[in-house]
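The values are calculated or read from the model by the stated rules, or taken from the named source; none is laboratory data. No experiment lies behind these values; they were computed from the predicted model shown. Cβ coordinates were reconstructed from backbone atoms using ideal geometry, including for glycine residues, and neighbour counts include every protein chain displayed.
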Amino acid sequence: MATKRSILFTVTITLFHIGLLISKHHNYRFSSCPFLAYIPLTSDFIVDTKCRYNLLKILELIEEAEDGLTVEYISTNLNVSRKSVRIYLNKLESHGLIKRIGDKYKITEEGKKLIENLKLSGF
């Protein structure tokens, strides 16, 4: 019985330290994004972003909407705060993947190419 406890304790401590090492190495907060996954993209800003999942979901949503989407619609649809959505939209816009027209955002040709490449790579 004591052996099982010591093994469990050792494994728990080891996993805890691995988690700390990963979070320190990647400058990643566990609460910032539940969908941290490696995505082989050529666009460095998406690879380096703490939460690539939200950026890609926003890009996909905007691609599907012919008339563009508002911050409020994206925020409600993805259940992400408007502040976070604005930050993501600014990143996407600064890299030429979307463009702002009035209060709506539309995908650019470069954004369409990125989504197409993702689909071809099986993502």
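Table for the structure above
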| quantity | calculated |
| --- | --- |
| Pairs, first touching a residue at least 40 places away in the same chain (Cβ under 8 Å) in segment 61-74, second surrounded by 16 or more Cβ atoms within 10 Å (Cβ to Cβ), C-beta under 6 Å, six or more apart | ILE62/LEU69; ILE62/ILE98; ILE62/TYR105; ILE62/ILE107; GLU63/ILE107; GLU63/ILE115 |
| Residue identified as touching a Phe, Trp or Tyr at 6+ places or on another chain (Cβ under 7 Å) and either part of a helix (DSSP H, G or I) or modelled with pLDDT of 90 or more (or both) among ILE58, ILE87 | ILE58 |
| Among residues of segment 92-111, those that are in contact with a Phe, Trp or Tyr (Cβ under 6 Å, 6 or more places away or on another chain) and farther than 15 Å from GLU66 by Cα, counted | 1 |
| Filter result (under 22 Å from LYS113 (Cα atoms) and in a helix (DSSP H, G or I)) within segment 61-84 | LEU61, ILE62, GLU63, GLU64, ILE74 |
